[in-house]
Amino acid sequence: MEEKKKALITGITGQDGSYLAELLLQKGYEVHGLVRRSSSFNRWRIDHLREHEDSEKIFLHYGDLSHGSSLARLIEKIAPDEIYNLAAQSHVKISFDIPEHTMDITSLGPLRLLEAIRDARLKTKFYQASSSEMFGKAQEFPQTEKTPFYPRSPYGVSKVAAYWITKNYRESYGIHISNGILFNHESPRRGENFVTRKITIGLAEILAGKRDKIYLGNLNAKRDWGYAPEYVEAMWRMLQRDKGDDYVVATGETHTIEDFVKTAFQLAGINDWEKYIGIDPKYYRPAEVDYLIGDYTKAKQELGWEPKTAFKDLIKIMLEADCKSLGVSTANLPMSLKINNMEAIQEA
């Protein structure tokens, strides 16, 4: 009988960590998660997993990417077959406010994990969550694995540092390491301070009569948005390869934040969306990233991965979930209809 694989996920309580934990449990893994000790629990994304029939296969451990010695003890104790490093200070705007903390966790955290693997002499495979924010002021379009980096925030800079240290450990010590350069990916589990959730929650609250406006920053920024559950499958596929490598994971489409807003409101049957949107300068970044779009050709060819959820359907999934959480009925809204193409949205 084949021995059950063990995986350690840092950032297991986040959007990606929770979806990845679900996927690995479905595949029969024993899943371990690193969680920070705080004054209040923030585990709502994984509560259902701990109450599920697979609950005996998931274990949570207190720890922090700033504490190398405790990470080393934990990794030696678990001896995981795979480590997925998803933990980070991951909010771009906030990284300008706390740059030192962002660099410590997001760039030195992976280094501490890799040192723990090396010291324990484990054959652990390692996944590093890289980001499209590394491209920043993009030097070519679309962005590929060979596009030069030009980060425009402390977060982007810290992700570039983590990318190069993991690549260095792969080449220097032969550790199976993959960098997943993931472009924006969203879901109903996205943090509420990210712009996509601000829009869908705000719209649900407008429909519920709880607010009049949503305040945003730069509506012209263009992003490549995909669906998070699909992106974590790409992570898993990377670590099933014979050797580590670097992969862009994206949709190959780009839309402005205004496109996201307009589509969300049209799905809700509101065409005069402008009167519900306010612009607040505090949401602008000191250095803006204007245009990101990824080329996932390598991931498709080598991993057999490609995106399945269209932009409009992603928004529909998020909006329906936020309406449901607020008790807003969607039965009489246009978004209750199955949307198959952009023409259908425009007619809504």
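The values are calculated or read from the model by the stated rules, or taken from the named source; none is laboratory data. Remember, predicted model here, so these are calculated numbers, not experimental data. A quick note on method: Cβ atoms are made from the backbone with ideal geometry, for glycine too, and the neighbour counts reach across all protein chains shown. Calculation scope for accessible area: heavy atoms of the full protein, side chains included, ligands and nucleic acids excluded. Shrake-Rupley method; radii C 1.70, N 1.55, O 1.52, S 1.80 Å.
For a quick check of your reading: which helices (runs of 4 or more DSSP H) sit entirely within the range 66-112 and have at least 3 residues that are closer than 18 Å to residue 163 by Cα? Walk me through how you get there before you give the answer.
Details: elements: 68-78, 92-97, 99-103.
Counting at least 3 such residues, we get 99-103.
Please determine, by comparing only the residues of the range 61-85 that are of a type outside the set (D, E, K, R) and surrounded by fewer than 18 Cβ atoms within 10 Å (Cβ to Cβ), which one is farthest from residue 244 (Cα to Cα).
For the range 61-85, the residue satisfying everything is 62.
Out of all the residues in the range 93-111, which are buried (at least 21 other Cβ atoms within 10 Å of the Cβ), farther than 21 Å from residue 20 by Cα and either more than 21 Å from the chain's Cα centre (by Cα) or in contact (Cβ under 8 Å) with a residue 60 or more places away in the chain (or both)?
95 - this is the single residue of the range 93-111 that is buried (at least 21 other Cβ atoms within 10 Å of the Cβ), farther than 21 Å from residue 20 by Cα and either more than 21 Å from the chain's Cα centre (by Cα) or in contact (Cβ under 8 Å) with a residue 60 or more places away in the chain (or both).
May I ask you to verify whether residue 246 is over 29 Å from residue 327 (Cβ atoms) and either surrounded by 15 or more Cβ atoms within 10 Å (Cβ to Cβ) or touching a Phe, Trp or Tyr at 6+ places or on another chain (Cβ under 7 Å) (or both)?
Details: over 29 Å from residue 327 (Cβ atoms): yes; either surrounded by 15 or more Cβ atoms within 10 Å (Cβ to Cβ) or touching a Phe, Trp or Tyr at 6+ places or on another chain (Cβ under 7 Å) (or both): yes.
The answer is yes for residue 246.
Name the residues in the range 24-54 that are more than 10 Å from residue 7 (Cβ to Cβ) and at pLDDT 85 or above, would you?
26, 28, 34, 35, 45, 46, 47, 48, 49 - these are the residues of the range 24-54 that are more than 10 Å from residue 7 (Cβ to Cβ) and at pLDDT 85 or above.
Looking only at the range 168-197, count every residue that is more than 18 Å from residue 136 (Cβ to Cβ) and either assigned to a helix (DSSP H, G or I) or without any contact (Cβ under 8 Å) to a residue 24 or more places away in the chain (or both) and tell me the total.
Of the residues in the range 168-197, 10 are more than 18 Å from residue 136 (Cβ to Cβ) and either assigned to a helix (DSSP H, G or I) or without any contact (Cβ under 8 Å) to a residue 24 or more places away in the chain (or both).
Filter the range 134-148 down to the residues that are closer than 15 Å to residue 295 by Cα and either open to solvent by 10 Å² or more (accessible area, probe 1.4 Å) or touching a strand residue (DSSP E or B) at 6+ places or on another chain (Cβ under 8 Å) (or both) and list them by number.
If the condition is that a residue be closer than 15 Å to residue 295 by Cα and either open to solvent by 10 Å² or more (accessible area, probe 1.4 Å) or touching a strand residue (DSSP E or B) at 6+ places or on another chain (Cβ under 8 Å) (or both), then 134, 135, 138, 139, 140, 141, 142, 143, 144, 145, 146, 148 are the ones that fit.
Considering the range 171-215 alone, what residues qualify as being of a type in the set (Asp, Glu) and surrounded by fewer than 19 Cβ atoms within 10 Å (Cβ to Cβ)?
Within the range 171-215, 171, 192, 205, 212 qualify.
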